[in-house]
Amino acid sequence: MVDGLLKGLGVSEAAFTNGGYPVHTPIDGSQVASVTLEDKAAVAGKIDLAHQAFLSWRDVPAPRRGELVRVFGEVLRKNKEQLGELVSVETGKIFQEGLGEVQEMIDICDFAVGLSRQLYGLTIASERPGHHMRETWQPLGIVGVISAFNFPAAVWAWNTSLALVCGNAVLWKPSEKTPLTALACQALFEQALKIFGQAPEGLSQLIIGDREAGEVLVDDPRIPLISATGSTRMGKEVGPRVAARFGRCILELGGNNAMILAPSADLDLAVRGILFSAVGTAGQRCTTLRRLIVHRSIKDEVVARVKAAYAKVRIGDPRKDNLIGPLIDKQAFQSMQGALSQARDEGGQVFGGERKLQDQYPNAYYVSPAIVEMPGQSAVVRHETFAPILYVLAYDDFEEALRLNNEVPQGLSSCIFTLDVREAERFQSASGSDCGIANVNIGTSGAEIGGAFGGEKETGGGRESGSDSWKAYMRRQTNTINYSRELPLAQGIVFD
Ligand code: UN1
């Protein structure tokens, strides 16, 4: 299922056959390849090489570094269809979303190329005569990227394109569930390196490994920045370990994203927004809509419309004309079923959420998306289950809706559908949504790369991708320059 794709993308056959670690596709659960997991010594060797690469890359002018990223974007454009299909086969997301993921990579490359001529610092007024101050941004070192299965390519690209223009080297440990997409990304990056010429060896390397390999990255003081995407549980381990050696983290962890649906809302728009956000990627985006906080006066109508839309959604092979592919694996299915049964225990009324296509695919886990009407924001609702479950909560007044939006441990994405400007503005105000993303009349998922991406509380506080996220990938330096013939001290101190 993947051999032709991988070869077409430039991956050598040896890299995906003969290894000891099997790779399965969630489409039918069959084994499609095998890879070799790298041990600790191999990872340590890659860190050495990356460090050497950094020492020369940091002195390459930033616009020239941008040229490498520009070429990589071109290579991605040429390979969009094939890489998109591979993403679809390996993660189970539908082909359209696989293409979207590659487009997201292309977009961030374009963004980073522009950025390579705009790593702007500041000039600062000095309090001393004959002095001036400035703030400059310098390359940081090796950036360790740990990524999750659900965005097996784009999240790496967000980090790598920025890290490279900022003058850093990159070491990438993808999820063990998606090593093939990673091999393909690496092969495409190597094509770009050949066209670019003259980049140091080991500038951006891939580590196919398990938890141990990740731990080597997390603990090595030569890696000043770890950018980790995954569960809150993973972040709770990684964050303190990196902090213990005074490294820094960009954490992009769990979300529990809500939509407030107000009585004035354009319901046609809202139902479409709910469908894409709650059901897209089979509920396996960190931005997936998980909670619908709907005004009691329109709740029954909305639930009926969403149920009708859910009933029509096509479930099946993600490469064909379907809207929902399989869950990533059996464990994901079990955790979904566990959450649904807990929801029932907590007073929820469950619609959907059954296993589908079991006869055709006994080893794959297709499900119908679930809508669960809950009496309140109970424990199961406050927990992120990485599956297509939409909890519905009713509200009576707007303050209560805002409170519900914020009263969960996570703080990634949120949105409101309303035509009332007061509600919309309040939602995005200091006392509104407490999330990193707060949208109006748009769902919670599917953010553009131009904005900073990430969230608060248990989401980890990191920001990746657009806006000034690049600053996290650089070392900030404050410079004071004396061009006078005196040596005045700051704060007026006399020291004679
Ligand atoms: C993720 O699920 O980890 O906003 C990233 C979105 C995508 C990125 C999701 N652009 O849904």
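The values are calculated or read from the model by the stated rules, or taken from the named source; none is laboratory data. Only a predicted model underlies this, so the values are computations on that prediction, with no experimental measurement involved. When we count neighbours, we look across all protein chains shown, and the Cβ atoms used for this are built from the backbone with ideal geometry, even at glycine.
Numbers at a glance
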read-out: Residues of segment 448-466 satisfying the condition of being among the acidic types (Asp, Glu) and surrounded by fewer than 19 Cβ atoms within 10 Å (Cβ to Cβ); value: Glu448, Glu456
read-out: Residues located in segment 409-431, provided they are within 16 Å of the ligand (Cβ to nearest atom) and not in a loop (DSSP other than H, G, I, E, B); value: Gln410, Gly411, Ser413, Ser414, Cys415
read-out: Considering residues of segment 279-324 that are within 16 Å of the ligand (Cβ to nearest atom) and assigned to a helix (DSSP H, G or I) only, the residue surrounded by the most Cβ atoms within 10 Å (Cβ to Cβ); value: Ala282
read-out: Lone qualifier among Ala169, Ala163, Ala148 - being under 16 Å from the mean Cα position of the chain (by Cα) and farther than 22 Å from Thr25 by Cα; value: Ala163
read-out: Residues satisfying the stated conditions in segment 432-472, i.e. among the small types (Gly, Ala, Ser), more than 22 Å from Gly141 (Cβ to Cβ) and either touching a residue at least 24 places away in the same chain (Cβ under 8 Å) or within 11 Å of the ligand (Cβ to nearest atom) (or both); value: Gly432, Ser433, Gly436, Ala438, Gly443, Ser445, Gly446, Ala447, Gly450, Gly451, Gly455, Gly466
read-out: Residue match in segment 173-192 (condition: in a strand (DSSP E or B), small (Gly, Ala, Ser) and buried (at least 20 other Cβ atoms within 10 Å of the Cβ)); value: no
read-out: Boolean, Arg463 is closer than 15 Å to Ser227 by Cα and of a type outside the set (Val, Ile, Thr); value: yes
read-out: First in segment 23-34 and under 16 Å from Phe95 (Cβ atoms) and assigned by TED's automatic domain parsing to the domain that holds Lys7, second anywhere and at pLDDT 95 or above and assigned to a strand (DSSP E or B), Cβ under 6 Å, 6 or more apart; value: Thr25/Val32
read-out: Segment 22-75, residues that are polar (S, T, N, Q) and assigned to a helix (DSSP H, G or I); value: Gln52, Ser56
read-out: Selected residue (only one of Ser341, Ser429, Ser378, Ser414 is small (Gly, Ala, Ser) and in contact with a strand residue (DSSP E or B) (Cβ under 8 Å, 6 or more places away or on another chain)); value: Ser414
read-out: Pick from segment 116-164, criterion small (Gly, Ala, Ser) and in a helix (DSSP H, G or I), ranking: surrounded by the fewest Cβ atoms within 10 Å (Cβ to Cβ); value: Ala154
read-out: Qualifying residue in segment 268-276 (condition: in a strand (DSSP E or B) and either within 16 Å of the ligand (Cβ to nearest atom) or of a type in the set (Asp, Glu) (or both)); value: no
read-out: Index of the failed condition, Thr232 passing every other in (1) under 17 Å from the mean Cα position of the chain (by Cα); (2) closer than 30 Å to Glu399 by Cα; (3) away from the ligand (no atom under 16 Å from the Cβ); value: (3)
read-out: Residues satisfying the stated conditions in segment 243-267, i.e. more than 16 Å from the ligand (Cβ to nearest atom), crowded, with 24+ Cβ neighbours inside 10 Å and assigned to a loop (DSSP other than H, G, I, E, B); value: Ala265
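Conditions (1) touching a helix residue (DSSP H, G or I) at 6+ places or on another chain (Cβ under 7 Å); (2) part of a helix (DSSP H, G or I); (3) free of Cβ contacts under 8 Å to residues at least 24 places away in the same chain, marked per residue:
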| position | (1), (2), (3) |
| --- | --- |
| Gln337 | no, yes, yes |
| Phe351 | yes, no, no |
| Gln360 | no, no, yes |
| Ala364 | no, no, no |
